[in-house]
Amino acid sequence: MRHQKKTLKLGRKEGHRKSLLSNLACSLIEHHRIKTTLAKAKAVRPLAEKMITLGKKKTLHARRTALAVLRQADIVKMLFDDVAPRAADRKGGYTRIIKLGQRTSDASEMAFIEWVDSAVEVETAVPDTKTKKAAKPKAAKSEDATAATGEGTSEEPAKPARKPRAKKAAAEEPAAE
């Protein structure tokens, strides 16, 4: 039976998993929002919320416990000075996970994990290139062409006139003997 064994393994051994989650938590504290896979976001959420709870205690023991988990002194300072005081009046639920859809390379579910008290930033979805026709690239304008016309609004510079081709019949005339 798997009682009391809730840990998400993420396909890694214990040491690698602890380092990964620690680094994700540090990035979340530093940047307030990170983009990662859905499985990693769900795995780092409990750790990040425990760090906020430690930050709210403001004791030396809590600071040393956070340092033992996060392993970066500057991030622990940022946690205790900036992030935890913003969540002082909240009793839990410090993070939110926003699902983004599948990654194009390996179809892995992606998500943002962010602090609830931070401002929500809207990111537009990247259009799917397979369903829509690719736009034709416009010819690059040269600086000389725009300077000569005096306006930069024309889409394409004028093309030079072609020389007329010589007719084949004229070229195949019999030579004078």
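Considering only residues of segment 58-72 that are touching a residue at least 40 places away in the same chain (Cβ under 8 Å) and either of a type outside the set (Val, Ile, Thr) or under 22 Å from LYS35 (Cβ atoms) (or both), which is surrounded by the most Cβ atoms within 10 Å (Cβ to Cβ)? First the steps, then the outcome.
Residues of segment 58-72 that are touching a residue at least 40 places away in the same chain (Cβ under 8 Å), as a first pass: 69-72.
Subset that is either of a type outside the set (Val, Ile, Thr) or under 22 Å from LYS35 (Cβ atoms) (or both): 70-72.
Details: LEU70: 21, ARG71: 14, GLN72: 17.
Ranking the candidates gives LEU70 first.
Considering each residue of segment 22-44, count those that are touching a Ser or Thr at 6+ places or on another chain (Cβ under 6 Å) and assigned to a helix (DSSP H, G or I), and give that number.
Number of matching residues: 0.
Please verify whether ILE75 is closer than 16 Å to ILE97 by Cβ and either exposed (fewer than 15 other Cβ atoms within 10 Å of the Cβ) or touching a helix residue (DSSP H, G or I) at 6+ places or on another chain (Cβ under 9 Å) (or both), treating the condition exactly as stated. Working first, answer last.
Details: closer than 16 Å to ILE97 by Cβ: no; either exposed (fewer than 15 other Cβ atoms within 10 Å of the Cβ) or touching a helix residue (DSSP H, G or I) at 6+ places or on another chain (Cβ under 9 Å) (or both): yes.
When the stated conditions are applied, ILE75 does not pass them.
Just checking, which of GLY55, GLY93 is small (Gly, Ala, Ser), crowded, with 17+ Cβ neighbours inside 10 Å and under 21 Å from ALA43 (Cβ atoms)? If you could, list the steps in order and put the result at the bottom.
Values: GLY93 fails: crowded, with 17+ Cβ neighbours inside 10 Å.
From the options GLY55, GLY93, the qualifying one is GLY55.
Can you confirm whether SER19 is part of a helix (DSSP H, G or I), small (Gly, Ala, Ser) and either closer than 21 Å to ALA87 by Cβ or in contact with a Ser or Thr (Cβ under 7 Å, 6 or more places away or on another chain) (or both)? It would help to see each step written out before you state the result.
Details: part of a helix (DSSP H, G or I): yes; small (Gly, Ala, Ser): yes; either closer than 21 Å to ALA87 by Cβ or in contact with a Ser or Thr (Cβ under 7 Å, 6 or more places away or on another chain) (or both): no.
For SER19, the condition - part of a helix (DSSP H, G or I), small (Gly, Ala, Ser) and either closer than 21 Å to ALA87 by Cβ or in contact with a Ser or Thr (Cβ under 7 Å, 6 or more places away or on another chain) (or both) - is not met.
Just to be sure before I move on: is ALA48 buried (at least 18 other Cβ atoms within 10 Å of the Cβ) and in contact (Cβ under 8 Å) with a residue 60 or more places away in the chain in the structure I sent? Reasoning before the result, please.
Working: buried (at least 18 other Cβ atoms within 10 Å of the Cβ): yes; in contact (Cβ under 8 Å) with a residue 60 or more places away in the chain: yes.
Answer is yes for this residue.
Just so you know, all these numbers are worked out from the coordinates, no wet-lab data involved. Nothing here was measured: the structure is a model prediction, and the numbers come from that model. Positions of Cβ are generated from backbone atoms using ideal geometry, with glycine treated the same way; all protein chains shown enter the neighbour counts.
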